[in-house]
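Only the coordinates and a few stated rules stand behind these numbers; no lab work does. This is a predicted model, so every value here is computed, not measured. Cβ coordinates were reconstructed from backbone atoms using ideal geometry, including for glycine residues, and neighbour counts include every protein chain displayed.
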Amino acid sequence: MLSCHASLYRYARSLCGEQVAAEELLQETYKKALAAKRGPAEATVDHVRPWMFTIMRNAWQNEIRRQSRAHEVWLDDVDALEDPDSPDSLLTRKLLVSEVRAAVDSMPVLWREIIVMRDLEELSYGEISSILGCPVGTVMSRLARARSALRQMLVGRVSMPREVDP
């Protein structure tokens, strides 16, 4: 379970948008996983990771239903993307990361979570499919639409609706 802690935390941050809420969601996820009567099919990292993401997503959706309000997303680990070789490169990367973060933040949750799971956490289409409870084809089409919208937003600086139809 702890082998995917950093990934789970980043996913929690992408869902919640703030550190404290993400930490609470992460804690709730671990609590639910430990209390679960059934675990993943096999106790390997390849099976535990998607199982934990599914638990987290379900816990988050339950909280959203309770609160009935939207959250913002923040991507972590900006420092890990920086190139320390040149000040110009550092500034360029910071600006790029800031623009991408703002663009992802403005996306509907449906697209935002799929971008985070696939492009940041590098989950497979099958893993995302099981987490979201939809067919792999749906995952692929949502990801294509999300990437296209993100590309348009970054090139054209277009605003994005907060919700989209699945």
How large is the charge dipole for the stretch 83-156, taken about the Cα centre, if only the Cβ atoms of Lys, Arg (+1) and Asp, Glu (-1) carry charge, to the nearest 20 debye? 360 debye
Could you list Ser129, Ser141 so that the one with the fewest beta carbons within 10 Å of its beta carbon is first and the one with the most is last? Ser141, Ser129
Inter-label distance, nm, simple model (7 Å from Cα along the C-beta direction), Asp105/Arg147: 2.5 nm
